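S.K.: Quick one: structure below, then a few questions.
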Amino acid sequence: MAEIIIQDEAQEIEAALEARGLWQDALRRLARNRPAIGGIAVLAIIALLTLLAPLISPHPFDVIDWDHIGTPPDLAARYFFGTDANGRDLFVRTLYGGRISLLVGIVATSVSLAIGVTWGAIAGYAGGMVDGVMMRIVDILYALPFLFLVILLMVMFGRNIVLIFVALGAVEWLNMARIVRGQTLSLKRREFVEAARAGGVKPLTIVRRHIIPNLLGPVAVYATLTIPHVILLESFLSFLGLGVQEPNTSWGVLISEGARNMEGAPWALLFPASFLAVTLFCFNFVGDGLRDALDPRDR
Amino acid sequence: MSMPLLSVRDLAVHFPVRSGLLARSRVLKAVDGVSFDLHEGETLGIVGESGCGKSTLGRAVLRLLEPASGRILWLGRDLGGLGAAELRRQRRDMQIIFQDPLAALDPRMTLGEIIGEPLRTHEPALGRAAIEERVAAMMRRVGLLAQQINRYPHEFSGGQCQRIGIARAMILGPKLVVCDEPVSALDVSIQAQIVNLLKALQDESGLALLFISHNLSVVRHISHRILVLYLGRIVELGDARTVCAAPRHPYTQALVSAAPIPDPDRERAKRRLVLAGELPSPLDPPSGCAFRTRCPKATELCAAERPVLEDIKTGQRVACHHWRETGQR
Amino acid sequence: MPSTRAIDSAPLLAVEHLDVSFATPDGTVRAVQDVGFSLAAGESLGIVGESGAGKSQVFLAALGLLAANGSAAGSVRFGGDELIGLSRQALDRIRGARIAMIFQDPMTSLNPYLKVAVQLTEVLVVHKGLGGDAARAAAIAMLDRVGISDARQRIDLYPHELSGGMRQRVMIAMALLCDPELLIADEPTTALDVTIQAQILELMAELRLATKTATVLITHDLGVVAGLCDRVAVMYAGRIVETADVRDIFYRPRHPYTRGLLRSMPRIDADAAELTAIPGQPPNPQRLPSGCAFRARCPHRLPVCVTTAPELRPVAGSHVACHWDAPEDAAG
């Protein structure tokens with residue numbers, strides 16, 4: 001009798017050879033989502049272009065060409081996107097700007113993830129007074145005007161790219177913490193968490209081993225939507241003149257300069273703005289796709 | 001009689017309920033003065049319908065919920081007095097299996113990790129190989145294939161998930177396992193498998209079971225003694241066969257007569273004791289005896305005085321003013 | 001009293017060669033295969049099976065209530081009319097009026113935003129063309145009939161203000177309002193406490209005697225069937241494996257699955273030292289084995305069971321789909 005059962009079970013196992021974890025299932029579903037795959041592809045291309053900028057472009061990014069101040073795209077002179085008001089090649093500056101913008105986006109989001117997830121998970125799991133205090137701190141910080149903070153930091157520590165990462169990360173983690181806390185509250189009630197408590201697992205271990213891995217789904221989605229938000233914030237800062245310093249540039253700086261000369265040299269605004277817009281679209285598609293892919297199957 | 005493994009005295013579990021912004025918070029007495037003993041190798045079945053507090057009782061006994069009052073003596077020590085770290089250490093001997101087999105397993109962990117977690121918690125010195133070996137042995141013992149160790153819970157059926165839960169609960173060789181409706185969510189043909197597995201494990205290791213269920217037939221089969229709860233109070237406690245064959249409390253009698261019998265002649269011939277009315281709200285239990293609003297034998301005494309659990313000749317304990325009159329079936 | 005009804009006149013409900021399948025991203029799932037049975041007027045039939053057996057799908061298909069990706073083939077004749085493939089308007093006329101269905105969870109079957117009165121009278125207005133007052137009076141009378149005290153006040157409550165048992169009574173009232181010829185009850189007491197279940201079963205038994213409505217009771221609980229049904233059909237993996245008079249099913253079960261089920265059920269009135277469980281588990285409907293779906297768990301399997309799915313054949317008053325012959329003293 002037992003052999004009959006084992007035989008059939010063995011067949012079942014052969015029929016589904018690889019262990020299908022929830023991540024693999026999600027990847028499969030994501031692969032079927034065309035806008036998301038398109039978004040990933042385009043983002044990959046943009047990232048590649050920005051990385052290879054010194055190799056692709058015929059002109060260095062910080063050299064002024066006195067013969068070509070504020071000129072439109074000129075294929076003969078290999079100024080593919082034209083030049084900016086200072087005679088520098090816009091194509092290469094756009095790509096270098098992309099480096100900074102993407103870097104800021106990813107690093108600041110990672111910082112906000114690290115702080116936000118830890119903060120939110122601990123507050124949510126601890127509950128009671130600890131939760132109350134931690135979330136009130138978040139509320140207070142949330143109420144502080146973001147710009148004020150950044151200007152303060154700039155004044156204290158000078159204009160520094162690392163500072164921008166920190167400032168932006170410091171703002172975004174608040175939202176992340178709130179979202180993570182909400183997720184934790186609902187996860188806390190699930191039976192497998194109760195089972196871990198009943199097994200004598202320490203609270204911090206439960207948070208690390210059970211809560212955080214099960215949060216990563218919604219967190220991943222939120223992170224891909226935070227990156228464009230951070231890039232926009234950085235652009236805003238740069239627009240106000242508080243962002244990266246010369247000769248470094250970012251899409252925000254380029255857009256700011258381009259906007260100033262919009263009537264005379266529209267290409268100076270158009271190209272960096274398009275790159276920014278396309279990047280934002282792609283992140284949003286990927287975020288949407290991830291959200292659909294990670295939706296747990298109905299059981 | 002040797003010292004009981006578990007000794008519960010006057011246990012009460014209360015939940016504050018706030019109705020409305022300005023209203024005073026009322027108290028839901030989910031468990032209201034429950035006392036019983038549990039010995040090694042014994043199965044105590046806890047039976048009742050929704051709102052009777054059986055799941056709450058099961059969790060309170062393990063201090064997964066904090067009792068409002070009462071004492072829980074575990075191996076002679078007061079469980080309530082233990083600090084957090086000491087309580088966690090005691091948990092290796094008292095485990096629980098849940099009603100929803102799939103929800104009780106972390107969906108992002110493999111079988112091996114789930115079953116091995118208690119080992120990592122309580123025997124941190126064990127190396128990976130040793131853990132894997134013990135996990136594989138436990139899987140074989142509960143009827144799972146060892147080669148499935150790297151699979152994920154959602155790939156398994158309900159019955160198999162329950163076996164995983166049992167393996168996790170049993171791997172440290174506990175002395176007590178609380179089973180919270182362990183077969184209610186399973187198909188009928190699988191229920192018997194799990195019940196048999198639990199009995200076999202009990203026979204092998206002498207572990208005690210607290211078997212919580214609303215299905216009296218299953219409870220009778222697996223339990224040595226049965227405890228019947230109604231609105232958080234014990235109404236009857238006694239030997240399983242006796243409680244089912246000759247129940248003394250009117251509620252128990254109704255439960256027994258309501259249990260469907262897979263036998264057409266007997267099922268149609270039996271005198272069905274249909275209770276009047278509905279379950280009263282646990283927030284506002286009737287005065288005196290909580291069961292009196294549905295009881296065919298209720299009198300004024302029942303409204304005035306709450307009946308105490310008394311020992312009767314057959315070894316049962318009944319909480320009813322009129323149990324003597326409810327002798328016939 | 002149970003009896004073997006001779007079906008001399010045309011049956012009320014006749015199902016033949018019914019197949020129900022669902023198109024899923026992972027392939028076609030055959031939920032019901034080649035199911036056939038009949039039901040006479042006033043008779044009570046129990047359909048027993050575990051999850052995945054397909055028992056609900058048979059009737060959802062008959063009433064045109066299948067999910068969008070489901071399709072049915074075969075024949076379901078109700079009072080002579082073919083139901084499969086019937087237009088929505090024609091089905092609407094039959095559903096609620098001549099065939100009524102009640103489901104397991106009354107909370108999801110009743111509209112939480114409408115008072116009970118509205119949901120009850122709607123049925124009467126649509127199918128019987130009654131005016132508002134007449135409909136309300138009839139509804140109150142029916143609520144009384146199904147044992148809801150204070151019906152005049154309770155009728156104006158919302159579903160969530162009633163208890164589970166009450167809601168199920170409302171469902172039964174709603175089903176009976178139009179005096180249907182056939183009542184299909186899909187796990188009507190599964191979500192209820194056992195003492196409430198006893199009340200509802202008592203009510204259903206009483207109504208059955210009074211109204212003579214034919215009833216189909218779909219359940220996984222053999223005990224419930226023992227008390228209420230005249231005949232029983234046992235389903236496994238989308239097929240009927242045994243149909244018999246209720247006493248034959250319990251005292252002389254012939255199919256190994258039926259026998260296994262009965263031996264694995266603990267009883268409140270009897271002592272069983274050991275429950276004999278059926279080993280293994282029900283097959284995945286997306287990956288049914290060849291031949292007989294039960295063979296992996298069957299103690300009596302023969303080589304032919306691997307290749308050929310057994311057909312329902314008559315055996316001493318019952319119908320059994322099995323290659324093995326149960327011995328005459330088939331007490332299980």
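The values are calculated or read from the model by the stated rules, or taken from the named source; none is laboratory data. Given the structure is predicted, the values throughout are model-derived calculations rather than measurements. Note: ideal-geometry Cβ built from the backbone for every residue, glycine included; neighbour counts use all protein chains shown. Note: areas computed on protein heavy atoms with side chains; ligands, DNA, RNA excluded. Shrake-Rupley method; radii C 1.70, N 1.55, O 1.52, S 1.80 Å.
S.K.: Could you report the buried accessible area between B and C, both sides summed, computed with a 1.4 Å probe and given in Å² to the nearest 100?
M.R.: 3900
S.K.: Could you give the angle, 0 to 90 degrees to the nearest 10, between helix A:2-15's Cα long axis and the longest principal axis of the Cα atoms of chain A?
M.R.: 10
S.K.: To the nearest whole number, what is the average tally of beta carbon atoms from other chains within 10 Å of the beta carbons of peptide B:105-111?
M.R.: 6
S.K.: So if I place +1 on the C-beta of Lys and Arg and -1 on the C-beta of Asp and Glu, and nothing else carries charge, what would the dipole magnitude of region C:153-231 be about its Cα centre? I want it in debye, nearest 20.
M.R.: Values: 6 positive and 11 negative charges, 21 e Å.
For region C:153-231, the charge dipole is close to 100 debye.
S.K.: In percent, what relative contact order does region A:25-107 have, based on Cα pairs under 8 Å that are 6 or more apart in sequence?
M.R.: Rounded, it is 25 percent for region A:25-107.
S.K.: May I pose another question? Give the lysines reachable from residue B:199 as a straight Cα distance under 25 Å; neighbours fewer than 8 places away on the same chain don't count.
M.R.: B:54, B:175
S.K.: Now a separate question. Report the antiparallel proportion of the DSSP beta bridges in the protein assembly as shown as a percent, rounded to a multiple of 5.
M.R.: On the way: 60 of 97 bridges.
Counting DSSP beta bridges with both partners in the protein assembly as shown, the antiparallel share is about 60 percent.
S.K.: With only Lys, Arg, Asp and Glu charged, each at its Cβ (+1 for the first two, -1 for the last two), find how big the charge dipole of region C:1-151 is about the Cα centre; round to the nearest 20 debye.
M.R.: 320
S.K.: Now for a different question. Taking H as built 1.01 Å from N, whose amide H comes closer than 5 Å to the amide H of residue C:241, not counting residues under 5 places away?
M.R.: Placed amide hydrogens put C:234, C:235, C:236 under 5 Å from residue C:241.
S.K.: Under 8 Å for C-alpha pairs, at least 6 residues apart: give me the relative contact order for region B:1-134, rounded to a whole percent.
M.R.: 24
S.K.: Along the charge dipole of chain A, Cβ charges K/R +1 and D/E -1, which of A:165, A:27, A:86 sits furthest on the positive end?
M.R.: A:165
S.K.: Using the Cβ atoms and a cut-off under 13 Å, what net charge is assigned to the surroundings of residue A:192, where Lys and Arg are +1 and Asp and Glu are -1?
M.R.: Counting the neighbours of residue A:192, the net charge comes to +1.
S.K.: GluC sites (Glu not before Pro) within region A:200-264: which are DSSP loop residues with at most 12 other Cβ atoms inside 10 Å?
M.R.: Qualifying residues, ordered by number: A:263.
S.K.: Taking +1 at the Cβ of each Lys and Arg and -1 at the Cβ of each Asp and Glu, which of B:34, B:61, B:17 sits farthest along the dipole of region B:17-66 towards its positive end, judged by Cα position relative to the Cα centre?
M.R.: So the residue we want is B:17.
S.K.: Could you please report the charge total around residue A:261, scoring K, R as +1 and D, E as -1 over all other residues with beta-carbon less than 15 angstrom from its beta-carbon?
M.R.: Residues close to residue A:261 contribute a combined charge of 0.
S.K.: A further question on this structure: Note down the accessible area of residue C:16, probe 1.4 Å, to the nearest 10 Å².
M.R.: Approximately 100 Å² for this residue.
S.K.: With a Förster radius of 45 Å, plug the Cβ-Cβ distance of residue C:108 and residue C:271 into 1/(1 + (r/R0)^6) and report the FRET value to the nearest 0.05.
M.R.: 0.70
S.K.: Now a separate question. How high is the relative contact order of chain A? Use alpha-carbon pairs under 8 Å, at least six apart in sequence, and give a whole percent. Walk me through the numbers before you get to the answer.
M.R.: On the way: 381 pairs, mean separation 74.9, N = 299.
It rounds to 25 percent for chain A.
S.K.: Treating the beta-carbon of each Lys and Arg as +1 and of each Asp and Glu as -1, no other charges, what is the dipole magnitude of the protein assembly as shown about its Cα centre, to the nearest 20 debye?
M.R.: Values: 98 positive and 97 negative charges, 354 e Å.
That gives a dipole near 1700 debye.
S.K.: Something else about it: Taking only protein heavy atoms into account and a 1.4 Å probe, give the accessible area per residue of the protein assembly as shown in Å².
M.R.: For the protein assembly as shown, the solvent-accessible area averages 44 Å² per residue.
S.K.: Okay, moving on. Per residue of region B:122-138, what does 6.51 cos²θ - 1.76 cosθ + 1.60 with θ = phi - 60° give for ³J(HN,Hα)? Whole Hz please, x for Gly and Pro, Karplus curve as stated.
M.R.: Residue by residue, region B:122-138 yields 9, 10, x, 6, 5, x, 4, 5, 5, 4, 4, 5, 5, 5, 4, 4, 5 Hz.
S.K.: Roll a 1.4 angstrom probe over the protein heavy atoms and tell me the percent of accessible area of the protein assembly as shown that is carbon or sulfur.
M.R.: 57
S.K.: Next question, about the same structure. Can you list which of the DSSP-assigned H helices in chain C have a Cα extent of 24 Å or more along the long axis and an average Kyte-Doolittle score of at least 0.5?
M.R.: C:194-211
S.K.: Find which of A:185, A:219, A:200 sits farthest along the positive direction of the dipole of region A:166-273, computed with +1 on the beta-carbon of Lys and Arg, -1 on that of Asp and Glu, about the Cα centre.
M.R.: The listed residue farthest towards the positive side: A:200.
S.K.: Turning to a different aspect of this structure: Residues with beta-carbon under 13 Å from that of residue A:90, excluding residue A:90: net charge, scoring Lys, Arg +1 and Asp, Glu -1?
M.R.: Every neighbour counted, the sum reads -3.
S.K.: Shifting gears a bit: Arrange the residues A:260, A:208, B:59 by how much accessible surface each exposes, largest first, with a 1.4 angstrom probe.
M.R.: Correct descending sequence by accessible area is A:260, A:208, B:59.
S.K.: As a test of the definition: with a 1.4 Å probe, what buried accessible area, both sides summed, do you compute for A against B, in Å² to the nearest 100?
M.R.: Roughly 2800 Å² of accessible surface disappears when A and B pair.
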